Amino acid sequence: MPVIGRLRYLEAAAAGTARPRGTLLLIHAFPLNARMWEPQLALAANGWRVIAPQLRSMDGGSTDQPATSMDEHAGDIVDLLDALHVEDAVVAGLSMGGYIAFALFRHAPRYIRAMVLADTRPQADTPEGVEGRRKMLALVKEKGPGAVADEMMPKLLGEHTRRTRPEVAERVRSLILASSADAIGNAVTALMTRPDSSPLLPSIHVPTLVVVGEHDTITPPALSEQMHQAIKGSEYVVIPNAGHLANLEQPEAFNAAFARFLEHRV
Ligand code: MLT
């Protein structure tokens, strides 16, 4: 994986495309890493340059200078885009990636040409949510990433995927195990201290796609529909037979919705 400054990233571009139509920037979920976007690298075939940053410390990156806020992750992304001479991008974030997209919108909206908000929500954690994060911090410290994987897998994947696609479950588990306990702990701290981004929604005027797995229990469709209503002119797509990781569970339907949005709205 190439590295620039603090960040490593996956990249794909269609062979023979002299001038791409633009850049798709894909921001990954917790507690995964950039490799969760491998099925979406295929979107490069439509003439886009696809970049998926590995958030600081995830998947074996150094934890010397941990990032413990969404703002720090957004700052890393700005540095990466500048280093790659990308003026603006279609910014797609899944779950925690969406929280980081909101931070980017808050601080540096000129980098955002369009947004894809996948299986995410604008609200901050509730007090019960913060309590759950504290328990997860203790769990990862005491028992490590394997225990986090055991706890999260049933929430990350929909019942249909768990029943019919064991290879997806295996893949997700291995993505979680690739990060250290420290890296996962730092990400939990960023999650539990993130601000409420709901007040931003009416000021989002770039083309926006809100997409969610039908059976997502972490960021359920009802919340995505509210978010779609609050972002004027946004599109809303529900992916059948998918849970929280809709891009990995139903990559064809997810990519079709993404490609349609790029074709018609961006
Ligand atoms: C994620 O998928 O990034 C996390 O589940 C988000 C969260 O726990 O709020």
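The values are calculated or read from the model by the stated rules, or taken from the named source; none is laboratory data. Since the model is a prediction, treat every value here as computed from it, not as a measurement. FYI the Cβ positions are ideal-geometry reconstructions off the backbone, even for glycines, and counts take in every protein chain you see. Just the protein is used for accessible areas: all its heavy atoms, side chains included, with ligands, DNA and RNA removed. Shrake-Rupley method; radii C 1.70, N 1.55, O 1.52, S 1.80 Å.
Overall size of the chain from C-alpha positions, given as principal axis extents largest first: 50, 38, 38 Å. Using θ = phi - 60° in the Karplus curve 6.51 cos²θ - 1.76 cosθ + 1.60, the 3J(HN,Hα) couplings for region 259-266 round to 5, 4, 4, 4, 5, 9, 10, 10 Hz; x is entered for Gly and Pro. The H on the amide N of ALA14, modeled in the peptide plane, is under 5 Å from the matching H of GLY47, TRP48, each at least 5 residues off or on a different chain. When the chain is treated as a Gaussian network with alpha carbon springs shorter than 10 Å, the biggest mean-square fluctuation among THR217, THR126, THR68 belongs to THR126. Separation of region 9-76 from region 138-193 is 19 Å, based on Cα centroids. Share of carbon and sulfur in the accessible area of the chain stands at 52%, probe radius 1.4 Å. Per residue, the average separation of C-alpha pairs within less than 8 Å and at least 6 apart gives region 3-265 a relative contact order of 21 percent. Taking a ≥ b ≥ c as the square roots of the Cα gyration tensor eigenvalues, with a/c under 1.5 meaning rounded and otherwise prolate when a/b beats b/c, else oblate, which class fits region 141-211? Oblate is the answer for region 141-211, as a/c is 1.5 or above yet b/c matches or exceeds a/b. In the chain, the DSSP-assigned H stretches of four residues or longer account for a calculated mean residue ellipticity at 222 nm of -13000 deg cm²/dmol, using -39500 (n - 2.57) per stretch and the full residue count as denominator.
So who's got an amide H within less than 5 Å of the one on ILE239, skipping anything under 5 residues away but keeping other chains? H placed 1.01 Å off N, in plane. Amide H to amide H, under 5 Å and 5 or more residues apart or across chains, ILE239 pairs with VAL212, GLY213, GLU214. Evaluating 6.51 cos²θ - 1.76 cosθ + 1.60 at θ = phi - 60° for every residue in region 196-212, the Karplus couplings come out as 6, 9, 4, x, 6, 4, x, 9, 7, 10, 7, x, 9, 10, 9, 10, 8 Hz, glycine and proline recorded as x.
Phi angles across region 71-87 convert, under the Karplus curve 6.51 cos²θ - 1.76 cosθ + 1.60 with θ = phi - 60°, into 3J(HN,Hα) values of 4, 5, 5, 5, x, 4, 5, 4, 4, 5, 4, 4, 5, 8, 6, 9, 6 Hz, Gly and Pro given as x.
Summarising the amide proton neighbourhood of ASP125: residues at separation of 5 or more, or on other chains, whose placed amide H is nearer than 5 Å comprise ARG194. Return the loop-located GluC sites (Glu not before Pro) in region 1-107 (DSSP other than H, G, I, E, B) with at most 16 other Cβ atoms within 10 Å of their own Cβ; answer none if there are none. Those that pass, being in a loop and sparsely packed, are GLU87. Taking springs between alpha-carbon atoms closer than 10 angstrom, which of ALA138, ALA44, ALA52 fluctuates most in the Gaussian network model of the chain? So, out of ALA138, ALA44, ALA52, the one fluctuating most is ALA138.
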